[in-house]
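Working notes, structure below.
The values are calculated or read from the model by the stated rules, or taken from the named source; none is laboratory data. Source: prediction; values computed, not measured. Ideal geometry is used to build each Cβ from the backbone, glycine not excepted, and the neighbour counts take in all protein chains shown. For the accessible areas, the whole protein counts, side chains as well, though only heavy atoms, and no ligand, DNA or RNA atoms are used. Shrake-Rupley method; radii C 1.70, N 1.55, O 1.52, S 1.80 Å.
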Amino acid sequence: MEVLETDIDIIQSKVSIDPLVGGGSNFGTHILTQQSASKLIYKPSIGAAIFSFAFFAVGFAVLCFAIYSFFQPISLTDGKDIMLIIFGLVFTSTGCFMFYYFYMPRVFDKQLGIYYKAHKAKLHNTRRRSSKRQVVLKSIVAIQIIGEIVSGDKGSYQSFELNLVLNDSSRRNVVDHGNLHSIIDDAEVLSKFLNIPIWHSKSNTDQ
């Protein structure tokens, strides 16, 4: 169903301009690439791969050392070997989760008529309805850019969201990271690809 200009104005007035996803990385985590004339795909950046591997490698090394030490005749005292095992498990699990999250495909496919954030599109739902991980392209009315200040123990930094605005005024997050220039470039590419406007968080009337 075609969305009229008056409907766009109504949708725009209802869309939240608050961050959709809390937190975010302080570096560029994804790169938008064109696989074909009808398909755009987000792939993890080198920084995201290195960051994930660092967590996994440290955790796995500590875990191996702790397990080896635990089974030695003279192991570490005062339960330190157990603490190291827990530490190793936490870092290894975190690294695995980062790999899973960063390498989760984010695909805009005009042939299927959907955007999906999953390792495989659910074809039986194609062009029928939008869900948390799958969105009908025709239901997307705008690209939204939102910045936020993320505070941590070692200071604060800016992170920027690129969200899809749907015709029911709901939003779906695509990426959330600290490279503003990359976010803006991606938004412009997606705007042309989907023939929709870009809305910025500084004003819900900007296009």
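Please say if region 87-193 is rounded, prolate or oblate, where rounded means a/c under 1.5 for a ≥ b ≥ c the square roots of the C-alpha gyration tensor eigenvalues, and otherwise the choice is prolate for a/b larger than b/c and oblate otherwise?
It is oblate, given that a/c is not under 1.5 and a/b is not larger than b/c.
With a 1.4 Å probe and all protein chains left in place, how much accessible area per residue does region 145-195 have, in Å²?
So region 145-195 comes to 47 Å² accessible per residue, rounded to a whole number.
Can you give me the distance in nm between label points at residue 132 and residue 156, each placed 7 Å from the Cα along the Cα-to-Cβ direction?
3.0
Per the Cauchy relation, a quarter of the hull surface: what is the mean projected area of the convex hull of the alpha carbons in the chain, in nm²?
On the way: hull surface 57.6 nm².
Directional mean of the projected Cα hull area for the chain stands at 14.4 nm².
Roughly speaking, to the nearest percent, how much of the chain's 1.4 Å accessible area is carbon and sulfur?
60
To the nearest 20 Debye, how big is the dipole of region 134-177 about its Cα centre, given +1 on the beta carbon of each Lys and Arg and -1 on that of each Asp and Glu?
Values: 4 positive and 5 negative charges, 35 e Å.
The calculated dipole for region 134-177 is roughly 160 debye.
With +1 assigned to the C-beta of every Lys and Arg and -1 to the C-beta of every Asp and Glu, and no other charges, what is the dipole magnitude of the chain about the Cα centre in debye, to the nearest 20?
So the magnitude is around 860 debye.
Ranked highest first by the average count of other Cβ atoms within 10 Å around their residues, in what order do 99-110, 167-178 fall?
Final packing ranking: 167-178, 99-110.
Which value in nm describes the separation of the simple spin-label points at residue 34 and residue 191, placed 7 Å from the Cα toward the beta carbon?
Going by the 7 Å Cα→Cβ label model, 1.7 nm.
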